[in-house]
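No value in this document is a laboratory result; all are computed from the given coordinates. Note that the structure is a prediction, hence the values are computed from the model and not measured. Note that we place each Cβ from the backbone using ideal geometry, even for glycine, and neighbour counts take in every protein chain shown.
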Amino acid sequence: MAWPGLGSRAGLGPARVRAWAPVPAASFRWPLDGPPHVVRRFDPPPSPWLAGHRGVDLAAVPGVTVRAAGAGTVHFAGRVAGRGVVSVNHPNGLRTTYEPLEPTVTAGQAVAAGDEIGTLAAGHAGCAAQACLHWGLRRGEEYLDPLALLGLGRVRLLPLGGTVSAGAPR
């Protein structure tokens, strides 16, 4: 069964639905306090090498606390291309990412859902607010909609077998 927003487009071949163990929505939360405003949604490219938006942008103000969306282990905390980034490994092979922020955690550190992992920095390109947290989700090499962790991802139906024609919407 495919779960909302978490269908698969494996590699370069035809789109297929991959079965996976569902993640209880109760075990994940928003990475910002209060009801966040989503200013840009997940918009994956039709092919892995093309441009797209591989996460969601949440409007906020610089300096707010960024929290782990779920329990796990910090995989990376540092700078990438001049931006502060934190990634957290979760059960079921999931990894969430958060940027731009000033990390307050270190690689290898265990975190619970809601634990502080950093403070939001200004400067996310394309953000119309004072600051935006780019929140991403991956399973292996596949980018997924992080809103699906909260039961809010878009429903995307993919074929159970066969191929998707070149002109078909994805």
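Exposure proxy ranking for 29, 54, 79, based on other Cβ atoms within 10 angstrom of each Cβ and starting from the fewest, stands as 79, 29, 54. The residue 80 and residue 116 beta-carbon pair, evaluated with R₀ = 22 Å, returns a calculated FRET efficiency of approximately 0.65.
FRET efficiency for the residue 49 to residue 129 pair, using the beta carbon distance and R₀ = 35 Å, is estimated at 0.75. Along its principal axes, region 29-150 has C-alpha extents of 35, 34, 29 angstrom, given from the largest down.
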